[in-house]
Amino acid sequence: MGGMKIGVFDSGLGGLSVLGAIRRRLPGADLDYVADSAHVPYGDKGEDFIRERSRSLADFLLAQGAEVLVVACNTATAAAVPNLRAALAVPVVGMEPAVKPATLATRTGIVGVMATVGTLKSARFAALLDRFGAGIQVLTQACPGLVEQVEAADLEGRETRQLVQRFVGPLLAGGADTLVLGCTHFHFLRPLVQAEAGPDVTVIDTADAVARQVARVAGSPELPAAGRARFWTSGDAVTLQRPLAGLWGGMPRLMPLPETPG
Ligand code: DGL
């Protein structure tokens, strides 16, 4: 007897941060996760491409029995969630940079958002700023290269540290006292970002807020004790096995995503 089935996808392994938060909130749910590693990063791809990939990954997860679909990627949410909601019969939970919580946390009135180029230039992000950005100053910082470091599960090597310094520095120099991690990959770099920013800066991550929303949508059902987690990738399942184990823990088995037509 399985529990509630939840399908989750991201451009790569970053969405594991959201998957982990869902696991903690709904330990009995059966989780299916797809990393579109053959196409990571999404951050520099066009919206049409991301929409197509998102639809194809969503169809795969629905074929596995997903009753709730989670887009564990800010970039894919910005590009594809309205289309997925229009096309699919299951609830679709997406995510966006936590600008609203940041407006409540900031004391200087200056907030820094770290995200992908795709997220920052999306109409959805512009609408988010229109809605919640009034009265505060929002500094945005694209972070090319950071996603790749997380994909390699390199969370504290020299190159990763240098990149974090390079991206956090201008936000601090601009007066930000609150930093929004607007990309699911960056959750794994939170300790580095916090160390770089110092103890007086609030770092906000959305993984748990998304998991809370998933639990709401799933109706927090009574579930058997421990659900399963299965993992697929469109990339090289052998090479990615190690980073997956590094980010998720244990010895999860990674399966190649079957080719999808179109
Ligand atoms: N993890 C994704 C996000 O939240 C996208 C990273 C990427 O593939 O560029 O934005």
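The values are calculated or read from the model by the stated rules, or taken from the named source; none is laboratory data. Nothing here was measured: the structure is a model prediction, and the numbers come from that model. A quick note on method: Cβ atoms are made from the backbone with ideal geometry, for glycine too, and the neighbour counts reach across all protein chains shown. Surface areas here come from the heavy atoms of the whole protein model, side chains and all, with no ligands, DNA or RNA. Shrake-Rupley method; radii C 1.70, N 1.55, O 1.52, S 1.80 Å.
Observations on the structure shown:
- Spatial separation of Cα centroids for segment 36-51 and segment 125-186, in angstrom: 19
- With a cut-off of 11 Å on the backbone N, the residues of segment 81-103 near the modelled label site 7 Å out from I136 along Cα-Cβ are 98-103.
- Taken along the Cα-to-beta-carbon direction at a fixed 7 Å, the label points for A63 and V238 span 2.4 nm.
- Average accessible surface for the chain: 43 Å² per residue, computed with a 1.4 Å probe over protein heavy atoms with every protein chain in place.
- Taken along the Cα-to-beta-carbon direction at a fixed 7 Å, the label points for R124 and F49 span 1.8 nm.
- Using a probe of 1.4 Å, the accessible surface attributed to L120 totals some 40 Å² when neighbouring protein chains are kept in position.
- Peptides 73-82, 248-257 ordered by average Cβ neighbours within 10 Å, highest first: 73-82, 248-257
- For K45, the lysines whose Cα falls under 22 Å of its own Cα, not counting residues fewer than eight places away in the same chain, are K121.
- Model label zone, R24; criterion: amide N under 18 Å from point 7 Å along Cα-to-beta-carbon; scope segment 66-83: 72-73
- Net charge dipole size for segment 38-93 [Lys, Arg +1 and Asp, Glu -1 on Cβ; Debye, nearest 20]: 40
- Portion, in percent, of the accessible area of segment 1-157 that falls on carbon or sulfur, probe 1.4 Å: 53
- Virtual spin-label span in nm between A89 and M251, 7 Å along Cα→Cβ: 4.0
- Calculated P(r) tail over 36 Å for the chain, as whole % of Cα pairs: 10
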